[in-house]
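Structure provided below as structure tokens; questions to follow.
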Amino acid sequence: MTIYVDVSSAVHAKAGLKRYTENLVRELGPLLGERLHLFQNSLGRRGPLLGWEEHPTVGVRHGYRTWRALVLLRQALHWPMGNLLPDASLFHATEHLLPPLGRIPTVLTVHDLIFERYPKYHKMMNYLYLRTAMPLYCRRATAIIAVSQSTRGDIVDLYNIPPKKITVIPEAADPNFRPQPAERIKAVRRRYGLPSRYLLAVGTIEPRKNLSRLADACSPLFAQDLVDALVLVGSKGWLYKDFFRHLESLPWRDRILRTGFVQEQDLPAVYAGALLTVQPSLYEGFGLPVLEAMACGCPVCASDTSSLPEVGGQAARYFDPQDTEEMTHCIGHVLRHPHLRQEMAKKSLVRARTFSWKSTARQTLNLYRRVMDSSI
């Protein structure tokens, strides 16, 4: 049995996809041993996956854009590419890109269908590609992993995929996300110039993250001296210029801080040092920052949409992401009540422990076995 997992998103450092793939492979390694092989595009240009240099890796030398165009073309033409995977028993596509592999069974992880729900928040070419490719990939996959019940519902509703074909296997926070010692928090605050009282939002800067409304919601909180700053951690994604123009128009713009790049080992202390983490997104396939914050003992306020209530459960507080006043009220209520924050922090730690990458890997391996058994 040889199982190939596509690690391209991890090699190319694609935000949440990177964490999903890295953590899944790390936990599958001990379970599969020599049966686990890796696949990536741009092989020879980038990679191999850090820490897996000696592990069997195959792939193609095409860059990402060329590769995904080729994959879609060959899927449309029913032109198999199984020769890329010697002795493959199964292939797991961990991002939204599924090569046609003939008789080789495939598992496709679908992280979200946000481009379907909010097409105006995607670049046109990317939207057109995904709108053409994703229904095809979902139909052609032998089995699908959805990272949340919300995403599973989208796949069923939008693409009419039979529910029995889709298994929900949630993500988890990396084990590095845990409560931090006070001295560590102090050192990281000093390194990034963070004040003692800050709200935190983590994620790529793009329209669906709803950061303009969050910035507006913070204005009364600054005026009431409930918090010193809103700290934004995340790189620029796409269609972000309107957000930066909006920031320039705000009287409190100097209290909205962008950290730029935050080293992976520093991010847990950035979470742990925050009064509160806010996830104001209009839509999330899973919402990993919610879980990361909770694993660090940081209370969370989040949107009441899509997958976020699934992740936060009873430990978080929720608001309508399109209602700025409700967002302000929700965040302000938590800030005004230190005992509530302490209670939420305790519940957050308990909630975060119900998710683990070991469990995700075991559930994924069980699905592999079911798929391979049914393909014999």
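The values are calculated or read from the model by the stated rules, or taken from the named source; none is laboratory data. Predicted, not measured: the structure shown is a model, and the values here were computed from it. Virtual Cβ from ideal backbone geometry, glycine too; neighbours counted across all protein chains shown. Note: areas computed on protein heavy atoms with side chains; ligands, DNA, RNA excluded. Shrake-Rupley method; radii C 1.70, N 1.55, O 1.52, S 1.80 Å.
Could you compute the net charge surrounding P135? Neighbours are other residues with a C-beta less than 15 Å from the C-beta of P135; K and R count +1, D and E count -1.
Working: positive: R117, R131, R139, R140, K165; negative: D112, E116, D154, D157.
That sum, taken over residues with Cβ under 15 Å, equals +1.
So, one more: Under 5 Å between amide hydrogens, which residues at least 5 positions from H92 or on another chain qualify, with H placed 1.01 Å from N in the peptide plane?
Residues meeting the criterion, in which the H sits 1.01 Å from N, are Y4, V5, D6, V107.
Over the chain, what relative contact order in percent results from Cα pairs under 8 Å that are six or more residues apart? List each step's numbers first, then the result.
Working: 681 pairs, mean separation 57.5, N = 376.
Once divided by the residue count of the chain, the mean separation gives 15 percent.
Something else now. Once you sort the root eigenvalues of the Cα gyration tensor of the stretch 20-110 as a ≥ b ≥ c, which label holds: rounded (a/c under 1.5), prolate (a/b larger than b/c) or oblate (the other case)?
prolate
Can I ask one more? Heavy atoms only, probe 1.4 angstrom, no DNA, RNA or ligands counted: give me W357, W52 ranked by accessible area, highest first.
Values: W357 5, W52 45 Å².
Most to least solvent-accessible, the answer reads W52, W357.
What distance in nm lies between label points placed 7 Å from Cα along the C-beta direction at S249 and R103?
Between S249 and R103, the label points sit 6.2 nm apart.
Whose amide H sits under 5 Å from the amide H of R45, counting only residues 5 or more places off or on another chain, with H placed in the peptide plane?
Hits under the 5 Å cutoff: none.
Tell me the carbon and sulfur percent of the accessible area for the chain, rounded to whole percent, probe radius 1.4 Å.
It is 51 percent, rounded to a whole number.
Just the number please: accessible area per residue for the stretch 125-224, 1.4 Å probe, all protein chains included, in Å².
I get 43 Å² per residue for this part.
Between S196 and H333, what is the FRET efficiency for a Förster distance of 25 Å, r being their Cβ-Cβ separation, to the nearest 0.05?
In this case the efficiency is close to 0.75.
log10 I(q)/I(0), Debye, Cα-only the stretch 312-356, no solvent, q = 0.20 Å⁻¹?
-0.69
Under 5 Å between amide hydrogens, which residues at least 5 positions from R258 or on another chain qualify, with H placed 1.01 Å from N in the peptide plane?
Distant-sequence amide H within range of R258: L232.
Taking the Cα centre as origin and putting +1 on Lys and Arg beta-carbons and -1 on Asp and Glu beta-carbons, what dipole magnitude results for the chain, to the nearest 20 debye? Write down the numbers at each step before the final one.
Numbers: 48 positive and 34 negative charges, 104 e Å.
The dipole of the chain has a size of about 500 debye.
Would you tally the net charge around H62, using a Cβ to Cβ cut-off of less than 11 Å, leaving H62 out, and scoring K and R as +1, D and E as -1? Kindly include the intermediate steps, with their values, before the conclusion.
On the way: positive: R45, R61, R65, R68; negative: none.
Spelling it out: positives minus negatives among the neighbours equals +4.
Quick one: check the C-alpha center-to-center distance for the stretch 305-376 versus the stretch 214-286, whole angstrom.
A separation of 20 Å, based on Cα centres.
Sorted by accessible area with a 1.4 angstrom probe, largest first, how do M125, M294 fall?
Values: M125 145, M294 0 Å².
Highest to lowest solvent-accessible surface, that is M125, M294.
While we're looking at this one, here's another question. What whole-number distance in Å separates the alpha-carbon centres of the stretch 82-110 and the stretch 117-165?
17 Å
Work out the FRET efficiency for T2 and Y240 from their Cβ-Cβ distance, taking R0 = 25 Å, and round it to the nearest 0.05.
Result of the calculation: an efficiency of 0.05.
What value, in deg cm²/dmol to 500, does the helix sum -39500 (n - 2.57) over DSSP H runs of n ≥ 4 give at 222 nm once divided by the residues of the chain?
-13500 deg cm²/dmol
I'd like to compare 314-320, 206-212: which one has the highest average count of other Cβ atoms within 10 Å, and what's the full order after that?
206-212, 314-320
Related question: Taking only C-alpha pairs under 8 Å that are 6+ residues apart, what is the relative contact order of the stretch 209-284 in percent?
Averaging sequence separation for qualifying contacts and normalising by length gives 45 percent for the stretch 209-284.
What number comes out for accessible area per residue over the stretch 235-284 if the probe is 1.4 Å? Units Å², please.
That works out to 50 Å² for each residue.
Separate question: Hey, quick one: spin label on N366, modelled 7 Å out along Cα-Cβ, who in the stretch 144-180 has an amide N within reach, i.e. under 17 Å?
Residues passing the 17 Å test: 144-149, 164-172.
I've got another one for you. In square nanometres, what is one fourth of the surface area of the convex hull spanned by the alpha carbons of the stretch 61-116? List each step's numbers first, then the result.
Numbers: hull surface 17.8 nm².
Answer in nm², one decimal: 4.4.
Same structure again: So how do K358, K120 rank on accessible area, 1.4 Å probe, biggest first, that is with the largest at the start?
Values: K358 115, K120 150 Å².
The ordering from most to least exposed comes out as K120, K358.
Once a ≥ b ≥ c are taken as the square roots of the eigenvalues of the Cα gyration tensor of the stretch 37-176, is the result rounded (a/c under 1.5), prolate (a/b larger than b/c) or oblate (a/b not larger than b/c)?
Rounded.
Something else about it: Could you check how many percent of all C-alpha pairs in the stretch 175-217 are farther apart than 12 Å?
Roughly 72 percent, once rounded to a whole number.
From the phi of every residue in the stretch 191-205, what ³J(HN,Hα) in whole Hz does the Karplus formula 6.51 cos²θ - 1.76 cosθ + 1.60 yield, where θ is phi - 60° and glycine or proline is x?
Each residue's phi maps through the Karplus curve to give 4, 9, x, 8, x, 6, 10, 9, 8, 10, 10, 10, x, 4, 7 Hz.
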